[in-house]
Amino acid sequence: MHEGYNENPINPLPPIVWLLALPIIATELFFGLGASGLMSAADAAGWRLDALQKFAFSPQVLRAMIDTGQYPPQQMLRLVTYPFVHASVTQAIFVLVFLLALGKMVGELFSNLAVAVVFLGSSVIGALVYGLLPFTQVGLYGGYPGDYGLIGAFTWILWTRLGQENANQMRAFSLIGALMGIQLIFAMIFGARPDWIADIVGFVSGFTLSFFVAPGGMKRALQRLRKR
């Protein structure tokens, strides 16, 4: 028998990636059944809007909570629920594609817990910074800040490898540069929502969190700094 004959030719996704993706998949299937008429509920057509009202993050509510010093758990929970609800199936599909692809690449080096910390931590930090800015009025929903956090973690991996090879580490930022360029073009054509701020903060958060959650991350970075 050939060695490795029974091995799976496709590396499976880390369990945490499926755990993060399943709520998005389940909600979209649920909304799809309602919109198709296969479920007889009278209000099925409005399920997506109801979900956005219940689970999306409101920057105005955050600022009101800070002003009053009161932090209802139901409102605080929105910091971790908003990445799993989307305004359209198209938005959800794009978020899933990034989550599955980047989650697999980051998960090959990071532990399941580290991937979860990067995705959810970037989502929370992105929402907090977005909400603290006085000019943001539009609600925040969708998994892009978490996805950008995974892009930040993947950039950290490339940045670290390039540093070990004594290569130009700025090449690691080519992916985020390309994505920002595409986002700028779309903004010029279709207009921009301010939620891109949460995306950028998500990227920076994912890159920074990697120093703490990657295997040997902070230790490796400190060793490089000492060599310099």
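The values are calculated or read from the model by the stated rules, or taken from the named source; none is laboratory data. What you see is a predicted model; the values in this text were computed from it and never measured. Virtual Cβ from ideal backbone geometry, glycine too; neighbours counted across all protein chains shown. Heavy atoms of the whole protein, side chains included, go into the accessibility calculation; ligands, DNA and RNA do not. Shrake-Rupley method; radii C 1.70, N 1.55, O 1.52, S 1.80 Å.
Out of the total accessible area of the range 59-124 (probe 1.4 Å, heavy atoms of protein only), what percent is carbon and sulfur? Could the numbers behind the result be given before it?
Numbers: 2190 of 3120 Å².
Solvent-exposed carbon and sulfur of the range 59-124 make up 70 percent of the total.
Enter the accessible area of PHE31 (Å², nearest 10), with the probe set to 1.4 Å and all protein chains included.
20 Å²
Starting at the first residue of the range 14-20, write each ³J(HN,Hα) from the Karplus equation 6.51 cos²θ - 1.76 cosθ + 1.60 with θ = phi - 60°, in whole Hz, x for Gly and Pro.
x, x, 5, 5, 5, 5, 6
Counting only other residues whose beta carbon sits under 13 Å from that of VAL95, what net charge do I get with K and R as +1, D and E as -1?
Values: positive: none; negative: GLU28, ASP147, ASP195, ASP199.
Net local charge, VAL95 excluded: -4.
Contour minus end-to-end for ALA167 and LEU113, with contour as 0.36 nm per residue of separation and end-to-end as the Cα-Cα distance?
Roughly 16.4 nm would be gained on extension.
Calculate one ³J(HN,Hα) per residue across the range 128-140 by plugging θ = phi - 60° into the Karplus curve 6.51 cos²θ - 1.76 cosθ + 1.60, and present them in order as whole Hz with x for glycine and proline.
Using θ = phi - 60°, the values come out as 5, 5, 4, x, 6, 6, x, 8, 7, 10, 7, x, 10 Hz.
How big, on average over all directions, is the shadow cast by the Cα convex hull of the range 42-140, in nm²? Mind showing how you got there, number by number?
Working: hull surface 31.5 nm².
Spelled out: convex hull of the Cα atoms, projected over all directions, averaged, 7.9 nm².
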